[in-house]
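Student: I'd like to ask some things about the structure below.
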Amino acid sequence: MFRALLTFVLFSVCASVASAQPYDYNIYIDADLRSTTGCTITGGGQTFAGADWRLTARVTGSPPQVTARNLSQCVGGTFQSAVALPGGAYPVARNVGVPVGGGALADAIEVAVSRAQIVGANSLVRIGYTAESASGSLDILFTTNGTAGGGPILIGEQV
């Protein structure tokens, strides 16, 4: 059920998250379920059309911590300047996620935003994820199975 707080947990399969290099973990939110509004994000042969909002968690340091959280609205096909969300730095949950091979487990990055800040959000929203390093490497998850033709990632409740 879509509650007053949208909470997203990202399971990072980027093995290098433990390095001091900063990573931005973006959650794209299609608040109105219309691909014809919002911004379009492309990469890795995939497209996420209709992103009305971008929620970003910046991870830096060793051990890694979430050091910044920002929210940006898409207006006229362009993300506007990010608004910093309140709160201090907090640790990344290390080695608690899904298996990533060789006996290792993914890290988890938690980030949340008040539903009231996602203006125009339906009770059901579509989301997509990206993880981008400062050097430009990019991981994408826009669909439930990770393929370009996969089903959408939906959270909330259809009413």
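Student: Hull surface divided by four, with the convex hull built on the Cα atoms of region 44-96: how many nm²? Intermediate results must be reported in sequence, preceding the final value.
Tutor: On the way: hull surface 21.8 nm².
For region 44-96, averaging the hull's shadow over all directions gives 5.5 nm².
Student: Something else now. Which semi-axis lengths, in whole Å and largest first, follow from the square roots of five times the eigenvalues of the Cα gyration tensor of the chain?
Tutor: Over the Cα atoms of the chain, the semi-axes work out to 24, 18, 16 Å.
Student: Give me the accessible area per residue for the chain, probe 1.4 Å, as a whole number in Å².
Tutor: On a per-residue basis, the chain sits at 50 Å².
Student: Right, here's the next one. What is region 53-140's relative contact order, in percent, from Cα pairs under 8 angstrom and six or more apart in sequence?
Tutor: Computed over region 53-140, the figure is 18 percent.
Student: What is the gain in length, in nm to one decimal, between Ala134 and Glu157 on full extension, counting 0.36 nm per residue of separation less the C-alpha to C-alpha distance? Mind showing how you got there, number by number?
Tutor: Working: separation 23, 0.36 × 23 = 8.28 nm, distance 3.56 nm.
4.7 nm is the gain from fully extending Ala134 to Glu157.
Student: Mind checking the dipole of the chain: about its Cα centre, +1 per Lys or Arg Cβ, -1 per Asp or Glu Cβ, Debye to the nearest 20?
Tutor: On the way: 8 positive and 9 negative charges, 37 e Å.
Value, rounded to 20: 180 debye.
Student: For every other residue with a beta carbon closer than 15 angstrom to the beta carbon of Leu33, add +1 if it is Lys or Arg and -1 if Asp or Glu, then tell me the sum.
Tutor: -2
Student: I'd like the carbon and sulfur percentage of the solvent accessible area for the chain, probe radius 1.4 Å, heavy atoms only, ligands and nucleic acids excluded.
Tutor: 54 percent
The values are calculated or read from the model by the stated rules, or taken from the named source; none is laboratory data. Fair warning: this is a prediction, and the values are worked out from it, not measured in the lab. With ideal geometry, Cβ positions are generated from the backbone for all residues, glycine too; neighbour counts draw on all protein chains shown. Note: areas computed on protein heavy atoms with side chains; ligands, DNA, RNA excluded. Shrake-Rupley method; radii C 1.70, N 1.55, O 1.52, S 1.80 Å.
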